[in-house]
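Note sheet for the following structure.
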Amino acid sequence: MRYPYSIEYIHSYAEDSPFFLGLADGKLRGSRCTRKKCAFVFATPRSHCMVCGAPTEWIDLPTTGKIHSWTTCHFGS
């Protein structure tokens, strides 16, 4: 016997939702440290600054620039 069924699932990205909503609008979003002395910018959004530990705020990043480094991940099956 077969009983076909379907499930509608709405996925949430939680704290990273603004990043993915920005991508849907063609924007690249990152975060910036709210501490004026630091003001470090993260291209990969962070909730807290990795330099000083202060909270961060969402910002729109430029869509042009130079690639400084990259990573390639290979996943086994």
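Computed values, structure above
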quantity: Residue tally, condition surrounded by 10 or more Cβ atoms within 10 Å (Cβ to Cβ), in a loop (DSSP other than H, G, I, E, B) and either in contact (Cβ under 8 Å) with a residue 12 or more places away in the chain or touching a Leu at 6+ places or on another chain (Cβ under 8 Å) (or both), over the stretch 1-46; calculated: 8
quantity: Odd one out for Trp58 among (1) part of a strand (DSSP E or B); (2) aromatic (Phe, Trp, Tyr); (3) loosely packed, with under 10 Cβ neighbours inside 10 Å; calculated: (3)
quantity: Residue match in the stretch 32-40 (condition: at pLDDT below 90, over 13 Å from the mean Cα position of the chain (by Cα) and not small (Gly, Ala, Ser)); calculated: no
quantity: Verdict on Ala39 being on the phi > 0 side of the Ramachandran plot and among the aliphatic types (A, V, I, L, M); calculated: yes
quantity: Unmet criterion (only one of (1) out of contact with any strand residue (DSSP E or B) (no Cβ under 7 Å at 6 or more places or on another chain); (2) at pLDDT 90 or above; (3) of a type in the set (Asp, Glu)) for Asp60; calculated: (1)
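The values are calculated or read from the model by the stated rules, or taken from the named source; none is laboratory data. It should be emphasised that the depicted structure is a prediction, and the values quoted were computed from it without experimental measurement. Heads up, the Cβs are rebuilt from the backbone with ideal geometry, glycines too, and the neighbour counts pull from every protein chain shown.
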